[in-house]
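The values are calculated or read from the model by the stated rules, or taken from the named source; none is laboratory data. These figures come from a predicted structure and were not determined experimentally. As a convention, Cβ positions derive from the backbone with ideal geometry for all residues, glycine included, and neighbour counts pool all protein chains shown.
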Amino acid sequence: MMELDGGRIGIGSLAVGVGFGAVSFAKDYAKKREVFGKRLSNLEAIQWMIADSYTELEAAQLLVLRAAFLKENKLPFTKEASMGKLFATEAARNAAIRAVQTLGGYGYTKEYPVERYLRDIIGTTIYEGTSEIQRIVISREIFKS
């Protein structure tokens, strides 16, 4: 189980990085792209998607870092690794979906990287145990005490 726990920290870290890549690209795109005489970055719906993505990814990063800290200090980290992996992969998936939405139809084309970010992030929700498995591990650890 310790091997999986360590791998979950790595997958969570990967997800956070990909998620930040997706939302950063969407932010830069929104600052340049004009629709109906306005920059996308001036539209409240876009602002909220970007704000939610950054907030969730920052929180995910802290969960993953906490699990890594516990592991490095040879403390129990099974629950924290699963929590970090679960939250990070789902936050990154949400960020990638929002990035695609920000680009609209262009978000599905290979001309822009957000379609690849979304494809890449889906795998992280499966590797080292699906999100459903993480929930089982987390609840098992919670009910132990």
Exercise for the section: Go through the residues of the stretch 34-49 one by one and say whether even a single one is under 30 Å from K79 (Cα atoms) and out of contact with any Ser or Thr (no Cβ under 8 Å at 6 or more places or on another chain). Expected result: no
Problem - Criterion (surrounded by 18 or more Cβ atoms within 10 Å (Cβ to Cβ), over 11 Å from the mean Cα position of the chain (by Cα), modelled with pLDDT of 95 or more and more than 14 Å from Q101 (Cα to Cα)) met by exactly one of I46, I50, I9 - result: I9
Practice task
Kindly indicate whether any position in the stretch 130-144 is touching a residue at least 24 places away in the same chain (Cβ under 8 Å), part of a helix (DSSP H, G or I), under 17 Å from S53 (Cβ atoms) and not aromatic (F, W, Y).
Solution key: no
Completion exercise
Considering residues that are outside any helix (DSSP H, G or I) and touching a Lys or Arg at 6+ places or on another chain (Cβ under 7 Å), the number found within the stretch 87-128 is 2
Handout entry: Qualifying residue in the stretch 71-81 (condition: in contact (Cβ under 8 Å) with a residue 60 or more places away in the chain, touching a Leu at 6+ places or on another chain (Cβ under 9 Å) and closer than 11 Å to G12 by Cβ)
Key = yes
Practice task
Take L63 and decide whether it is surrounded by 12 or more Cβ atoms within 10 Å (Cβ to Cβ), more than 29 Å from E128 (Cβ to Cβ) and either in contact with a Phe, Trp or Tyr (Cβ under 6 Å, 6 or more places away or on another chain) or in contact (Cβ under 8 Å) with a residue 40 or more places away in the chain (or both).
Solution key: no
Handout entry: Residue check for E141: modelled with pLDDT of 95 or more and touching a Lys or Arg at 6+ places or on another chain (Cβ under 9 Å)
Key = yes
Exercise for the section: Looking for whichever is surrounded by 20 or more Cβ atoms within 10 Å (Cβ to Cβ) and closer than 18 Å to E3 by Cα here; the options are T125, T102, T130. Which one fits? Expected result: T125
Handout entry: Close pairs from the stretch 37-60: first in contact (Cβ under 8 Å) with a residue 60 or more places away in the chain, partner in a helix (DSSP H, G or I), Cβ under 6 Å, at least 6 apart
Key = L40/A30; L40/I46
Exercise for the section: Scan the stretch 14-32 for residues that are under 27 Å from N42 (Cβ atoms) and over 8 Å from the mean Cα position of the chain (by Cα) and jot them down. Expected result: G21, A22, V23, S24, F25, A26, K27, D28, Y29, A30, K31, K32
Handout entry: Qualifying positions in the stretch 7-42 - part of a loop (DSSP other than H, G, I, E, B) and touching a strand residue (DSSP E or B) at 6+ places or on another chain (Cβ under 8 Å)
Key = R33
